[in-house]
Structures are given as C-alpha cells and as structure tokens.
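Data block below; observations after.
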Ligand code: ATP
Ligand code: MG
C-alpha cells in the first residue's frame with residue numbers, strides 16, 4: 001500500500017539546489033562586506049531559554065505575545081523557545097563569555113529564525129536573517145558605520161536604487177516617558193478610532209500604535225504628537241552627528257517620526273531600509289541602538305547597536321531587480337568512453353588539485369547522453385577522455401557556453417596543457 005506523503009511544516013521552506021547560486025552569491029556578499037568592516041561571525045544555538053526572549057524583547061511585543069515557538073522540554077521540564085531573532089542570543093553569549101572584557105566587539109551572524117506568523121510572500125515561519133551587533137560602542141560613529149556598510153551591500157548586490165533609508169531618534173527612556181504620556185492622552189481623546197490591538201497597547205506600549213498598518217488609523221497617527229519635539233539637547237546632538245556622517249558620505253535618508261520599531265530595548269537611533277518592490281512586506285532591514293539591553297540581560301551597562309536583515313526579502317528584491325546567477329554544478333564535466341575509467345578518476349583528481357570544480361559522469365550512458373548531462377549541469381567545459389586520447393596522454397576540451405573563448409570548437413591537448421587551460425580560465429572567472 002502506498003504511504004501518504006509527508007510535507008514540510010507550513011511556512012517553512014526548502015531551499016532547493018536551483019536557488020543555491022543566488023543564496024551563495026548573497027551569502028558571499030554578506031560575508032565579504034562584514035569582513036571589510038572588521039566584523040567577526042558569532043554562531044549561537046537555535047534554542048534558548050524562553051525567559052531570554054521574554055526579558056530581552058519585551059512582553060508587550062508581537063513576537064512575545066503571539067509569534068514564538070515555545071515548548072516545555074518533556075525530558076527535563078525546561079521552558080525553551082526557537083529563536084525568533086538573534087540580538088538577545090548574541091548579547092547573552094557576549095555576557096556569558098565576557099567578550100567585551102578587554103575591548104568592544106563587532107559581531108555578525110547569519111541563520112534561521114522562527115516566528116509563528118501567517119505565511120505570505122516575504123513572511124515565513126522559518127526565515128533567515130543576516131545581522132550585526134557592535135557591542136561596547138557609544139556611537140554615533142558606529143551607528144553610521146553600520147549604515148555605510150548596509151549601503152555598500154546594496155550596491156554590491158545591485159539593489160541600491162530600490163531601497164531607501166528611514167531614520168528616527170527615540171531619545172532616552174526619560175524623554176520617551178514624557179512623550180508616552182502625551183501620546184496616551186492624545187489617543188484617549190480619540191478612543192473611538194482605535195482598533196483592538198491599539199486599545200490593548202494603549203497603556204502598555206502606546207508607541208507601538210504609531211506603527212499600525214490599519215488604514216483607518218493612518219490619519220490619527222499622522223496627527224499624533226511627534227517624539228522629536230520631546231527630545232533633549234543630547235539626543236538631538238547625537239542624531240545631528242549621525243546625520244552629518246551620513247550626508248558627508250552620500251547616504252540619502254528621510255526622517256520618519258512615526259518609526260518606532262517593535263522591540264522595547266531600542267534607544268536613540270532607529271532605522272529601516274524599505275522598498276516599494278515587495279508589496280506589504282516592505283522592510284528589508286531594521287536596526288538601531290539598544291544601550292539598555294546588556295544590563296537588562298544581567299551584564300554590566302554597555303552601549304550597543306545593530307541591525308537585522310530579512311534574507312528572503314533581499315533575495316526577492318534581487319529577483320525583482322532581475323539580478324540572476326547561473327545554475328552551475330561544476331566548471332568541468334568529465335565525459336568518457338571505452339576502458340578508461342581508472343584514468344578518468346585519476347585525471348579528475350588532478351583537475352581538483354588545481355582548484356577546478358569537476359564532476360565525473362557516473363555510469364555507462366551513451367556518449368551523447370553524457371554530453372547532454374554536461375550541458376544540464378551548467379558546467380563551462382566538457383572534458384572528454386576516450387581510448388585514443390588516453391593512448392596519446394591527451395584530453396579533449398569543449399567549451400559549452402557561448403560567452404567562453406573557443407566556443408563552437410573542441411581542442412585536444414596534452415594533459416598538462418589542458419589543466420593549465422582550465423585552471424587559468426577558472427581563476428579568471
Ligand atoms: P515586520 O514589520 O515585517 O513584521 P519586524 O519588525 O517584525 O518586521 P524585525 O524583527 O525587525 O522585523 O526583523 C528584521 C527583518 O527580518 C525584517 O525587516 C524583515 O526583513 C525580516 N523578517 C521579519 N519577520 C520575517 C518573517 N516572518 N519572514 C521573513 N522575513 C522576516
Ligand atoms: Mg513582525
């Protein structure tokens with residue numbers, strides 16, 4: 001009897017081989033840009049204690065209220081959660097290993113996050129984030145450094161014309177307290193317009209109401225008091241310095257007084273990079289300063305700033321901008337016929353010794369079918385060995401792609417020359 005098929009969990013995607021070239025291209029760009037600015041990678045566990053996120057993200061947030069995959073470990077009763085974001089985990093690790101004891105740290109990460117949301121384009125239950133955390137820096141120089149880095153990344157990926165930076169300053173806790181009161185009074189006076197979410201947050205997290213996507217409340221939040229009017233001199237000077245660095249380095253931005261971001265721990269700088277190309281899921285990257293967090297999680301008071309980028313959304317955006325990378329399993333696909341298999345394996349190993357990515361055709365298909373496979377693999381070259389070539393210590397090389405030199409002809413050359421030919425070409429790629 002046929003068994004029923006088991007499918008992936010809803011909202012959790014397989015990343016298939018055909019998507020690998022784009023993921024690879026993006027990952028390499030992320031890694032190289034991180035290195036360009038002296039950031040080191042940190043890898044933390046995917047599971048953490050639930051209370052880390054409750055404390056680090058804040059109880060009255062979308063994530064903690066309704067998006068976390070939390071469970072009790074049936075083996076020992078521990079309350080655990082699949083990480084919904086990585087800042088709390090990184091800060092936990094920094095405190096646990098005393099990483100900022102001698103000097104501040106520039107850190108980056110890449111990996112899956114988990115949130116129980118309604119799946120739709122650009123919104124998944126398992127999704128990847130690339131992010132950075134600079135811990136132990138007062139700013140605003142490092143806030144600016146991260147924005148320059150992100151801008152450099154957009155250019156490297158070819159999407160810089162389709163993203164724009166929105167910036168705001170949340171000031172310090174005391175300043176926000178006064179603002180909060182003004183905001184509560186304003187919303188109380190317009191209670192009839194508030195939706196259920198807003199009513200629930202009115203006293204616990206009124207700033208979040210500004211972030212609403214409810215079209216019926218847009219007018220209301222548009223006319224709400226502005227946080228900028230409640231900032232003290234120091235906060236204003238901080239923002240001014242950040243703006244000066246951005247302007248001097250050609251980074252365009254817009255001050256968006258409604259931008260507050262979802263998480264409780266932000267202060268001073270907050271920002272989002274948004275695009276018009278992805279419909280409702282418009283934010284590709286969000287970040288800012290979170291000076292209170294290290295202390296909230298039990299460390300010594302340490303200033304810090306960082307951001308997280310939605311990898312799937314960036315990939316979607318690249319697709320919208322027609323950025324493509326060809327599918328390619330290898331550079332050289334080895335086809336063969338006759339009694340030469342032992343020599344094929346030996347020669348393929350030699351190619352690999354010279355950094356040439358090589359697949360050896362497996363099985364005893366007809367030669368024409370081997371060549372079809374070579375083509376489908378995306379290889380640049382078919383490398384061919386028959387008994388005649390073997391007798392003369394030669395290989396035949398056939399370029400398979402139109403953009404390559406010598407396309408349309410094949411050449412038989414001595415083994416050493418063939419290796420030389422292919423390795424020069426693979427280095428030049
Ligand atoms: P949104 O307002 O879209 O829900 P968020 O404020 O919850 O975003 P952050 O917690 O700031 O998002 O995460 C940083 C980035 O991670 C987002 O800007 C987005 O690009 C990406 N992201 C967040 N949630 C998801 C998701 N469920 N699926 C895919 N990407 C996501
Ligand atoms: Mg969200």
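Residues in the stretch 259-281 that are part of a loop (DSSP other than H, G, I, E, B) and within 16 Å of ligand 2 (Cβ to nearest atom): 259, 260, 261, 262, 263, 264, 265, 266, 278, 279, 280, 281.
For residue 121, the conditions (1) at pLDDT 95 or above; (2) over 19 Å from residue 47 (Cβ atoms); (3) within 16 Å of ligand 1 (Cβ to nearest atom) are fulfilled apart from (1). If you go through the stretch 39-71 and keep only what is within 16 Å of ligand 1 (Cβ to nearest atom), part of a helix (DSSP H, G or I) and under 19 Å from residue 95 (Cβ atoms), you end up with 52, 53, 54, 56, 57.
Among the candidates 395, 422, 317, which residue alone is in contact with a helix residue (DSSP H, G or I) (Cβ under 8 Å, 6 or more places away or on another chain), in a helix (DSSP H, G or I) and farther than 30 Å from residue 282 by Cβ?
Numbers: 395 fails: in a helix (DSSP H, G or I); 317 fails: farther than 30 Å from residue 282 by Cβ.
Result: 422 is the single residue among 395, 422, 317 that is in contact with a helix residue (DSSP H, G or I) (Cβ under 8 Å, 6 or more places away or on another chain), in a helix (DSSP H, G or I) and farther than 30 Å from residue 282 by Cβ.
Whenever a residue of the stretch 53-72 is farther than 17 Å from residue 197 by Cβ and not assigned by TED's automatic domain parsing to the domain that holds residue 290, it has no partner that is at pLDDT below 90 and more than 15 Å from ligand 1 (Cβ to nearest atom) lying with C-beta atoms less than 9 angstrom away and at least six residues away or across chains. Residues in the stretch 76-123 that are in a loop (DSSP other than H, G, I, E, B), over 11 Å from residue 48 (Cβ atoms) and more than 16 Å from ligand 2 (Cβ to nearest atom): 76, 77, 97, 98, 99, 100, 101, 102, 103, 104. Applying the selection to the stretch 15-58, what residues are within 16 Å of ligand 2 (Cβ to nearest atom) and modelled with pLDDT under 95? Scanning the stretch 15-58 gives 56, 57, 58. Please count how many residues of the stretch 282-301 are in a loop (DSSP other than H, G, I, E, B), within 16 Å of ligand 1 (Cβ to nearest atom) and touching a residue at least 60 places away in the same chain (Cβ under 8 Å). Here the count works out to 1.
One residue stands out in the stretch 33-52 among those that are surrounded by fewer than 17 Cβ atoms within 10 Å (Cβ to Cβ) and free of Cβ contacts under 8 Å to residues at least 40 places away in the same chain: the one that is nearest to residue 118 (Cα to Cα), namely 47.
For residue 244, the criteria (1) surrounded by 15 or more Cβ atoms within 10 Å (Cβ to Cβ); (2) modelled with pLDDT of 90 or more hold in every case but one, which is (1). The C-beta contact set for the stretch 115-138 (first residue at positive phi, second residue at pLDDT below 95 and within 8 Å of ligand 1 (Cβ to nearest atom), distance under 7 angstrom, 6+ apart or interchain) comprises 122/281.
Checking the conditions here, which among 279, 250 is in the same structural domain as residue 140 (by TED's automatic domain parsing) and without any contact (Cβ under 8 Å) to a residue 60 or more places away in the chain? Only one candidate qualifies: 250.
The values are calculated or read from the model by the stated rules, or taken from the named source; none is laboratory data. Fair warning: this is a prediction, and the values are worked out from it, not measured in the lab. Reconstructed Cβ throughout: ideal geometry from the backbone, glycine too, with neighbour counts over all protein chains shown.
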